[in-house]
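Enquirer: Right, I'll just put the structure down here and ask away after.
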Amino acid sequence: MENRINFTKAVIDALPIPESGKRNTYHDIKTSGLQLRVTSTGVKTFSVYRRIKHGDPERITLGRYPDMTIEQARREAVRIASDIAEGKNPAEVKRGHKAELTFSDLFGDYMERHSKPKKKTWAEDQAQFRLYLEKPLGNKKLSTIDRKSIAHIHSSITKAGYAPTANRVKALLSSVFGWAITVGLCESNPVIGIKSNKENQRDRFLQSDELPRFFESLAGEPNSTIRDYILISLLTGARRSNVLSMRWQDISLERAEWRIPMTKNGTPQTVALSPEAIEILQNRKPSDDAVFVFPGSGRAGHLMEPKKGWKRILERAGIGNLRIHDLRRTLGSWQAKTGASLAIIGKSLNHKSQNTTAIYARLDLDPVRDSINKATGAMLAAAGVKQSANVAKIKGTK
């Protein structure tokens, strides 16, 4: 048989492009029936070519190279050949292949049937999919996603400098495939066996000498939604997902309180709002019936991913190795600097600890509010923004 070659990446990448209107077909020497067709436009497509018992040969298209890897094509070719050997109709095999779920299909089912009903952090799952998974995996059939595919994604995120994020994405993928197995949508979890990155506990927070540059950079941020989101994150110490989905109906400007109906800990939380936080919210208060404090254009209706704005702010300030979550730690650190007890800090940040749960239950909001106000004042003083009125100057609007 002509054009019999060993399908390797180097060999396939080097294959010549046929003349206009023509197509070359190559046969894998390792997997019977597996072909690669190359068109004059450079498109390379895997297919299975098998003769049916008492019938004519049939060709079943598998997928395009390099979206489908050689290993995945070989595995599919063996599976289809086995189906045909058992007497299955190749047309039905092909229809079954086309009907197979893509990862986007699976993730959509996972969100609607598991994540949204059962996880308080479902919005983070959605954001991770859009940022890290939709492009490399979205259109792939589940049978083509193997451990190598997942390991490549984990490695890429890690090499970009986001080792903890890579672990979170890996955990999400494992959860998706684990759920899919329980509901009969797939048979194996390709994440199993991939090692997580070693994570060191972070102790990063904004230092006194960084605060003036940080606030100056905030004043220069052109996107008011991003600017105010960062300020409220810093002044409340609330978790990222809670601030992103902050709703007007949960805020009482009169009582200076923000009631979070449900947090990551599975409990509600009442956040004491400092005068500076109140001023920012008053300036943002819309005249219409807006739902979210930080609206967004996506399906969720609120801001989902402030990463680009955060990067701009840090670059202008000349500050490195600071994450949005570190703003939460910053408030707690400044509370400690201004004399707050660990119980007060834990109550204000809604930390869940078996050792201090009983203490938290006895605390009312007044000492927490005093601690937050004192810490906020100390931060603003260190930043050179000593008066509450100056927060409006940072905001740059009303």
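Enquirer: Could you figure out which of (1) surrounded by 15 or more Cβ atoms within 10 Å (Cβ to Cβ); (2) farther than 20 Å from R329 by Cα isn't true of K159?
Expert: Condition (1) is where K159 drops out.
Enquirer: So in segment 307-320, with the set limited to residues that are closer than 20 Å to R239 by Cα and in contact with a helix residue (DSSP H, G or I) (Cβ under 9 Å, 6 or more places away or on another chain), which one is surrounded by the most Cβ atoms within 10 Å (Cβ to Cβ)?
Expert: Result: I313.
Enquirer: Also, I was wondering about something else. Condition first: assigned to a loop (DSSP other than H, G, I, E, B) and either within 25 Å of R323 (Cα to Cα) or of a type in the set (V, I, T) (or both). Now tell me which residues in segment 135-187 satisfy that.
Expert: Across segment 135-187, the qualifying residues are I145, A160, G161, Y162, V183.
Enquirer: Return the total of residues in segment 18-70 being of a type outside the set (F, W, Y) and in a strand (DSSP E or B).
Expert: Counting residues in segment 18-70 that are of a type outside the set (F, W, Y) and in a strand (DSSP E or B) gives 25.
Enquirer: Against the definition (outside the structural domain of K135 (by TED's automatic domain parsing) and either under 25 Å from T102 (Cβ atoms) or surrounded by 17 or more Cβ atoms within 10 Å (Cβ to Cβ) (or both)), how does R23 come out, yes or no?
Expert: The answer is no for R23.
Enquirer: Kindly indicate whether any position in segment 186-196 is touching a strand residue (DSSP E or B) at 6+ places or on another chain (Cβ under 9 Å) and farther than 30 Å from G318 by Cβ.
Expert: Taking every residue of segment 186-196 in turn, none turns out to be touching a strand residue (DSSP E or B) at 6+ places or on another chain (Cβ under 9 Å) and farther than 30 Å from G318 by Cβ.
Residue-by-condition table, conditions (1) touching a Leu at 6+ places or on another chain (Cβ under 7 Å); (2) surrounded by 17 or more Cβ atoms within 10 Å (Cβ to Cβ):
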{"residue": "E19", "(1), (2)": "no, no"}
{"residue": "H27", "(1), (2)": "no, yes"}
{"residue": "V38", "(1), (2)": "yes, yes"}
{"residue": "K44", "(1), (2)": "yes, yes"}
{"residue": "R79", "(1), (2)": "no, no"}
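Enquirer: From the list L244, L342, L314, L303, pick out the single residue that is more than 18 Å from P222 (Cα to Cα) and touching a residue at least 24 places away in the same chain (Cβ under 8 Å).
Expert: Answer to the check: L244.
Enquirer: On the basis of being crowded, with 18+ Cβ neighbours inside 10 Å, under 23 Å from R239 (Cα atoms) and not assigned by TED's automatic domain parsing to the domain that holds I70, does F177 make the cut?
Expert: no
Enquirer: Now for a different question. Suppose the filter is free of Cβ contacts under 8 Å to residues at least 40 places away in the same chain and surrounded by fewer than 17 Cβ atoms within 10 Å (Cβ to Cβ); does D288 pass it?
Expert: Answer is yes for this residue.
Enquirer: Given the structure, is Y132 in a helix (DSSP H, G or I), closer than 21 Å to A317 by Cα and not aliphatic (A, V, I, L, M)?
Expert: No, not satisfied.
Enquirer: Grab the helices (runs of 4 or more DSSP H) fully contained in segment 198-251, keeping just those with 1 or more residues being more than 25 Å from the chain's Cα centre (by Cα) and in the same structural domain as D326 (by TED's automatic domain parsing).
Expert: Hits in segment 198-251: 211-219.
Enquirer: Of all residues in segment 299-337, which are of a type in the set (D, E, K, R), at pLDDT below 90 and under 21 Å from T165 (Cβ atoms)?
Expert: E305, K307, R323, D326, R328, R329
Enquirer: Limited to segment 140-169, what total is found for residues that are modelled with pLDDT of 90 or more and touching an Asp or Glu at 6+ places or on another chain (Cβ under 6 Å)?
Expert: Residues flagged as modelled with pLDDT of 90 or more and touching an Asp or Glu at 6+ places or on another chain (Cβ under 6 Å) within segment 140-169 amount to 0.
Enquirer: Further, regarding this structure: Looking at I251 and the list (1) within 19 Å of S224 (Cβ to Cβ); (2) surrounded by fewer than 17 Cβ atoms within 10 Å (Cβ to Cβ); (3) β-branched (V, I, T), which single condition is not satisfied?
Expert: (2)
Enquirer: Moving to a separate point now. Which condition breaks for K135 when tested against (1) under 13 Å from D67 (Cα atoms); (2) out of contact with any helix residue (DSSP H, G or I) (no Cβ under 7 Å at 6 or more places or on another chain); (3) surrounded by 14 or more Cβ atoms within 10 Å (Cβ to Cβ); (4) not β-branched (V, I, T)?
Expert: Unmet condition: (3).
Enquirer: Another one. Is it the case that segment 191-199 has a residue that's within 30 Å of F292 (Cβ to Cβ) and of a type in the set (S, T, N, Q)?
Expert: So far as segment 191-199 goes, no, none of its residues is within 30 Å of F292 (Cβ to Cβ) and of a type in the set (S, T, N, Q).
The values are calculated or read from the model by the stated rules, or taken from the named source; none is laboratory data. A quick note: this is a predicted structure, and the numbers were derived from the prediction, not measured. Note that we place each Cβ from the backbone using ideal geometry, even for glycine, and neighbour counts take in every protein chain shown.
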